[in-house]
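Report on one structure; see the data block that follows.
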Amino acid sequence: MKITYVTLFKNLIDYYFHDSILKIAKEKELFEIDYKNPRDYTTDKHNRVDDYKQGGGAGMVMTPQPLFDLLGEIKEKNPQAKIIFPVPAGKPFRQNDSVRLAKQEHLVFVSGRYEGIDERVIETYADEVFSIGDYVLTGGELPSLVMSDAILRNIEGVLGNNESLEEESFNTDLLEAPSFAKPYDFRSILSVSENLKGNHANIRSQNLKMAQLKTKYFRPDLV
């Protein structure tokens, strides 16, 4: 898979891939990333990529010309590239979206700034429009990273052990059951005794019950 990040601030994204699991997976060439800066495509003599809102109002809006040229170039080189806009008004990003998008060959995340992106860009180029929550951030870089992380974990070999994916929250309608590391007794706080008995059928049954209880308590909307 290839991921292209369209952003004015490459460093906000790039450093995330300098450590941990995704660094190792990138070094193994399980995926590749590159960056496109709208400022490199502007025809404005002052190198600007934003302008005042039509109709007035506070804040600036990213202008259409640089993004039209940039995204048009990407689509010309690879018509199959899937372009994604993280915006507060988008549909909620879910686990099934991450699984589905992990099968794509080329994803493009367009990070807005200021008061957002000229709507004509989104209407023309968006294949998917997502929100990661009911709140507003200063830019689209963090949502792009959140979605990328969720997607890349579903590429074979990234996690090292694909069984980890089978037991995660949101793969079913239940949250993941609580996890416990050794020892069983830590500072007189006990974990679950069934885990010590080695009966995997009973452990699975126990984990299902705990997952059901956890879901009812934390996310009753999923029940």
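Things to note:
One line per residue, one yes/no per condition, for (1) surrounded by 13 or more Cβ atoms within 10 Å (Cβ to Cβ); (2) under 17 Å from the mean Cα position of the chain (by Cα); (3) of a type in the set (D, E, K, R):
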site	(1), (2), (3)
THR7	yes, yes, no
THR43	no, no, no
ASN47	no, no, no
ASP50	yes, no, yes
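- Of the numbered criteria (1) touching an Asp or Glu at 6+ places or on another chain (Cβ under 8 Å); (2) more than 30 Å from GLY59 (Cα to Cα); (3) at pLDDT 95 or above, the one GLU105 fails is (1).
- Residue check, ASN202 buried (at least 16 other Cβ atoms within 10 Å of the Cβ), part of a helix (DSSP H, G or I) and either at pLDDT 95 or above or not assigned by TED's automatic domain parsing to the domain that holds GLY90 (or both): no
- Filter result for GLU123 (closer than 23 Å to TYR52 by Cβ and charged (D, E, K, R)): yes
- Taking first residues from the range 100-117 that are more than 21 Å from ASP149 (Cβ to Cβ) and in the same structural domain as LEU71 (by TED's automatic domain parsing) and partners that are surrounded by fewer than 16 Cβ atoms within 10 Å (Cβ to Cβ) and of a type in the set (Gly, Ala, Ser), the Cβ contacts under 6 Å between residues at least 6 apart in sequence or on separate chains come to TYR114/GLY59; GLU115/GLY59.
- Residue that is farthest from LEU12 (Cα to Cα), among those in the range 123-164 that are among the aromatic types (Phe, Trp, Tyr) and touching a Phe, Trp or Tyr at 6+ places or on another chain (Cβ under 9 Å): TYR125
- Residue check, GLU128 out of contact with any helix residue (DSSP H, G or I) (no Cβ under 6 Å at 6 or more places or on another chain), surrounded by fewer than 16 Cβ atoms within 10 Å (Cβ to Cβ) and of a type in the set (Asp, Glu): no
Conditions tested, residue by residue: (1) closer than 30 Å to GLY157 by Cα; (2) among the basic types (Lys, Arg); (3) assigned to a loop (DSSP other than H, G, I, E, B).
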{"position": "ILE3", "(1), (2), (3)": "yes, no, no"}
{"position": "ASN11", "(1), (2), (3)": "yes, no, no"}
{"position": "ILE21", "(1), (2), (3)": "yes, no, no"}
{"position": "ARG39", "(1), (2), (3)": "no, yes, no"}
{"position": "THR43", "(1), (2), (3)": "no, no, yes"}
{"position": "HIS46", "(1), (2), (3)": "no, no, yes"}
{"position": "GLY57", "(1), (2), (3)": "no, no, yes"}
{"position": "VAL61", "(1), (2), (3)": "no, no, no"}
{"position": "LEU70", "(1), (2), (3)": "no, no, no"}
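- Search result, residues across the range 98-132 that are in contact with a Pro (Cβ under 8 Å, 6 or more places away or on another chain) and in a loop (DSSP other than H, G, I, E, B): SER111, GLY112, ASP118, ILE132
- Any hit, the range 44-62, residues being of a type in the set (Ser, Thr, Tyr) and either touching a helix residue (DSSP H, G or I) at 6+ places or on another chain (Cβ under 9 Å) or in contact (Cβ under 8 Å) with a residue 60 or more places away in the chain (or both): no
- The range 183-200, subset of a type in the set (D, E, K, R) and closer than 21 Å to ALA211 by Cβ, residue farthest from the chain's Cα centre (by Cα): LYS197
The values are calculated or read from the model by the stated rules, or taken from the named source; none is laboratory data. Quick caveat, the model's predicted, so the values are computed rather than measured. Quick reminder, even Gly has a Cβ in these numbers, built from the backbone with ideal geometry, and neighbours come from all protein chains shown.
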